[in-house]
Amino acid sequence: MTAVTGNKKERKVKRNMKIKRLTALLLTGVLAASFTLGGCGSKEVDPETVVATLNGKEIKLGLANFMAQYQAVTYDAYYSSYMGANMWSQDYSGDGKTMEDMVKDQVMESIETDYLLEDHMADYNVEITDEELSAMKDAAAQFMEANKQPAIERMTATEDIVTEMLRLNTIQQKMHEAIIAEVDTEVSDEEAAQRTFSYYKVTLPDESAESTEDAGTEAAVEPSSEEQAAELKTYAGQVAEAAAADFDNAGVSFGLTASTYSYGTDEDSFDKNVIAEADALSEGQVSGAIEGEDGQYYVIRLDKEFDEDATANKKQEIVSKRQSDHYTEVCDGYKKDAEWKVKDKVWKNVMFIGNQYTIATENATESVQ
């Protein structure tokens with residue numbers, strides 16, 4: 001009995017530690033910033049208005065607006081410094097949608113996905129415990145206390161709305177973990193095998209073209225493209241000759257910097273001519289001058305016929321892609337059978353343009369617009 005009691009206590013301690021870590025994550029990862037609002041921005045929104053429906057479930061504008069405004073603050077903090085004050089009205093993708101449209105679409109997609117994941121929690125034995133929910137409510141209360149009324153009103157924040165966002169985020173995280181746990185994580189060496197080569201991309205030195213030494217001399221005639229190509233080919237041959245004798249020193253002699261590249265049987269990114277030459281080399285061998293598909297020249301050395309570190313990284317990449325693909329497939333399956341409708345006339349009233357939030361941190365504040 002003593003052992004059993006001890007195990008129960010140990011499980012309870014671990015569970016409490018997990019809840020504390022969750023609370024800390026919520027506070028630092030989701031609710032780290034305080035916001036104060038100035039200026040003018042989005043239209044007034046009625047938080048009780050229905051903005052979307054999912055299988056008959058009504059999604060209120062208050063929640064959707066809060067999630068959208070919170071996402072907007074995150075984007076502002078990261079991108080406004082180099083995208084400028086007009087970033088929300090810009091069409092960066094070229095598909096006719098502004099940055100504001102894109103983020104709002106992402107928010108709506110997240111809401112749909114999160115509630116569908118909630119509907120399938122039982123399929124994966126996922127649950128939100130009373131202790132976790134209590135931690136979320138505490139975090140929401142702290143958020144409301146830390147923020148000023150203008151920001152709270154603009155974001156349509158209430159303790160219930162903030163708690164609901166945290167609850168949905170937690171469901172998504174737990175369901176993501178459960179869904180990707182179904183994926184086969186075994187990857188063979190044959191599937192992931194990587195070869196690694198070092199290479200120089202050969203460019204002509206700046207001083208290769210003649211220039212006049214004084215203003216009274218007639219300017220030199222620019223060589224034709226054929227002449228330049230011939231000059232580059234000759235120069236690449238010289239680099240290749242030096243590299244065959246001492247690959248590392250060749251870079252020093254010609255002012256070139258060597259880079260490395262790892263690839264496998266699924267390679268489709270690097271120049272095909274270079275990959276074909278790499279396949280023909282044995283470990284330690286150096287190529288001649290390789291004319292790439294882009295007309296540039298390369299000189300390579302095969303460093304490893306089987307790169308263990310690169311292969312291990314590739315295995316993780318393969319597993320990650322399997323997990324991502326499986327999660328997307330599951331969510332898309334849920335969406336296929338769902339009745340989801342967004343009320344565009346309601347949703348268009350949510351705007352980011354003109355908002356000005358001040359992110360308050362422990363040591364300083366930062367304004368974002």
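The values are calculated or read from the model by the stated rules, or taken from the named source; none is laboratory data. Everything quoted here is computed from the prediction, not taken from an experiment. Positions of Cβ are backbone-derived with ideal geometry, glycine not excepted, and every protein chain shown enters the neighbour counts. Calculation scope for accessible area: heavy atoms of the full protein, side chains included, ligands and nucleic acids excluded. Shrake-Rupley method; radii C 1.70, N 1.55, O 1.52, S 1.80 Å.
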Would you tally the residues in region 317-326 being more than 16 Å from GLU177 (Cα to Cα) and open to solvent by 60 Å² or more (accessible area, probe 1.4 Å)?
1
Qualifying positions in region 327-356 - open to solvent by 40 Å² or more (accessible area, probe 1.4 Å) and touching a helix residue (DSSP H, G or I) at 6+ places or on another chain (Cβ under 6 Å):
TRP340, ILE353
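How many residues does region 86-121 hold that are among the aliphatic types (A, V, I, L, M) and open to solvent by 60 Å² or more (accessible area, probe 1.4 Å)? Steps first, answer last, please.
Going through region 86-121, the residues among the aliphatic types (A, V, I, L, M) turn out to be 87, 99, 102-103, 107-108, 111, 116-117, 121.
Those still in the list that are open to solvent by 60 Å² or more (accessible area, probe 1.4 Å) too: 102.
Selection size over region 86-121: 1.
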When you look at TYR298, is it among the hydroxyl-bearing types (Ser, Thr, Tyr), open to solvent by less than 50 Å² (accessible area, probe 1.4 Å) and assigned to a strand (DSSP E or B), yes or no?
yes
Considering only residues of region 268-287 that are under 25 Å from ILE318 (Cα atoms) and open to solvent by less than 50 Å² (accessible area, probe 1.4 Å), which is farthest from the chain's Cα centre (by Cα)?
ALA278
Tabulated pairs, region 161-190, first over 25 Å from LYS315 (Cα atoms), second among the basic types (Lys, Arg) and surrounded by fewer than 18 Cβ atoms within 10 Å (Cβ to Cβ), C-beta under 8 angstrom, 6+ apart or interchain
THR163/LYS137
Matching residues, region 115-160, being under 28 Å from ILE179 (Cβ atoms) and of a type in the set (Val, Ile, Thr):
VAL126, ILE128, THR129
For region 168-193, what are the residues that are more than 14 Å from THR113 (Cβ to Cβ), open to solvent by 20 Å² or more (accessible area, probe 1.4 Å) and part of a helix (DSSP H, G or I)?
GLU177, ALA178, ILE180, ASP189, GLU190, GLU191
The one condition in (1) surrounded by 15 or more Cβ atoms within 10 Å (Cβ to Cβ); (2) more than 25 Å from the chain's Cα centre (by Cα); (3) closer than 25 Å to ALA72 by Cα that LYS148 fails to fulfil:
(1)
Kindly check whether there is at least one residue in region 62-78 that is out of contact with any strand residue (DSSP E or B) (no Cβ under 8 Å at 6 or more places or on another chain) and open to solvent by 70 Å² or more (accessible area, probe 1.4 Å).
yes
